[in-house]
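What follows is a set of notes on a single structure, which appears directly below.
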Amino acid sequence: MKVDAHHHFWRYSPDQYAWINADMAVLRRDFLPEDLQQEMRGAGIQGALAVQARQTVEETRWLLELANQHEFIKGVVGWLPLSANNIQPELERWSAQPKLKAVRHVLQDEPDDAYMLGTEFNCGIQLLQKFNLVYDILIFEKHLPQTIRFVDQHPNQLFVLDHIAKPRIKDRVIEPWDRLITELAKRPNVFCKLSGVITEADHRRWTPADIQPYLETVLNAFSPARLMFGSDWPVCLLAVSYAQWVRTIHDFVAPLSVAEQDQILGNTAAKVYQL
């Protein structure tokens, strides 16, 4: 099964999605399961993992409802208040939902770049393994040093790094991102999504050659056994169609063995998220 390990759904409203600014007009509409399923069929993708786009428990509830209504949505990365004092009963309640596979917090938008090192947040992270939940890490390149410290506090927790930590592709800057992500990849409990890459490049003028060094870096650092394909649809539409991004990744993995391609295109995600 080929799996898209990272996509979003929303019923668009300016209040709920204030981050969708005037330059993102293509995103200012509803994106729902029927829309994604059509894209997936055309690209030969069979399963998908829905990821939160709002930091509310209601978002988690809504995504789980969609997943339960649509068989192709194999799992959900939701949001829960990990820093709250009463997080344990919340985790117990929500983890009873079979399709809740992981949680994440929008760390990249926190005013405090060291938010992930806070005591309350880490108390919540420490409970995730007990409830068999993965944690998705959403950061910018600048957060990599503290992310390494964060991960080292939880050596038995499974982590998945979203969007290869958003390097500065548009500016053609690869250092120190390459050194730091290679260091992070030395932790065997950390996996990485080939998602959200293209929107870090020049949206209108990017070429496969622009992103090749960044993809090669994470391939060498994580190996196919810890890499997974993700579209970041519909956000990817700012720079690329769904089908074009799938083709770009297919072209990138083509020199690998069939087994290695299968890992990146579905098997790694299925194993990590227990799809």
Exercise for review: Would you mind calculating the relative contact order of segment 142-275 from Cα pairs under 8 angstrom and at least 6 residues apart, reporting the percent as a whole number?
Suggested key: 24 percent
**Study point:** Relative contact order %, the chain, counting alpha carbon pairs below 8 Å whose residues are six or more apart
**Key:** 20 percent
Check your understanding: For the chain, what is the calculated [θ] at 222 nm in deg cm²/dmol (nearest 500), taking -39500 (n - 2.57) for each run of four or more DSSP H residues and dividing by its residue count?
Key -> -10000 deg cm²/dmol
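Normalising by the residue count of segment 224-273, find the relative contact order in percent from Cα pairs under 8 Å and 6+ residues apart. Walk me through the intermediate numbers first.
Numbers: 34 pairs, mean separation 31.0, N = 50.
For segment 224-273, the relative contact order is 62 percent.
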Point to revise | Alpha carbon centroid spacing (whole Å) that separates segment 104-154 from segment 243-275 | key: 26 Å
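Sort segment 26-124 into rounded, prolate or oblate with this rule: let a ≥ b ≥ c be the square roots of the eigenvalues of the Cα gyration tensor; rounded if a/c is under 1.5, and if a/c is not under 1.5, prolate when a/b is larger than b/c, oblate otherwise. Write down the numbers at each step before the final one.
Working: a/c = 2.57, a/b = 1.65, b/c = 1.55.
Cα axes put segment 26-124 in the prolate bin.
Quick one: Lys74, Lys130, fewest Cβ neighbours within 10 Å first, how do they rank? Please report the intermediate quantities before stating the final value.
On the way: Lys74 23, Lys130 11.
Result, fewest neighbours first: Lys130, Lys74.
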Check your understanding: Considering amide H positions built from the backbone, and no H for Pro or chain starts, which residues 5 or more places from Trp233, or on another chain, come under 5 Å of its amide H?
Key -> His8
Point to revise | Cβ-based net charge around Ile198, under 10 Å, with every Lys or Arg adding one and every Asp or Glu removing one | key: -4
Check your understanding: Which of the following values of Cα Rg over 2.2 N^0.38 Å was calculated from the structure shown: [x] 0.93; [y] 1.01; [z] 1.18?
Key -> [x]
Study note, to complete from the structure: Neighbours of Trp177 by Cβ distance under 15 Å: Lys/Arg at +1, Asp/Glu at -1, summed charge -3
Study note, to complete from the structure: Sequence order, segment 112-127: Karplus ³J(HN,Hα) from phi using 6.51 cos²θ - 1.76 cosθ + 1.60, θ = phi - 60°, Hz rounded, Gly and Pro as x, gives 8, 5, 9, 3, 5, 9, x, 4, 5, 4, 6, 5, x, 4, 4, 8
Check your understanding: Could you give me the ³J(HN,Hα) list for segment 263-271, computed from phi with Karplus coefficients 6.51, -1.76, 1.60 and θ = phi - 60°, whole Hz, x at Gly and Pro?
Key -> 4, 5, 8, x, 5, 5, 4, 4, 6
Review point. What does the charge count near Tyr17 come to, summing +1 for each Lys or Arg and -1 for each Asp or Glu among other residues with Cβ under 12 Å from its Cβ?
Key: +1
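Readers should treat all values here as calculations from the given coordinates under stated rules, not as data from a laboratory. In this text, all values refer to a predicted model and were calculated from it rather than measured experimentally. All Cβ positions, glycine included, derive from the backbone under ideal geometry; neighbour counts span all protein chains shown.
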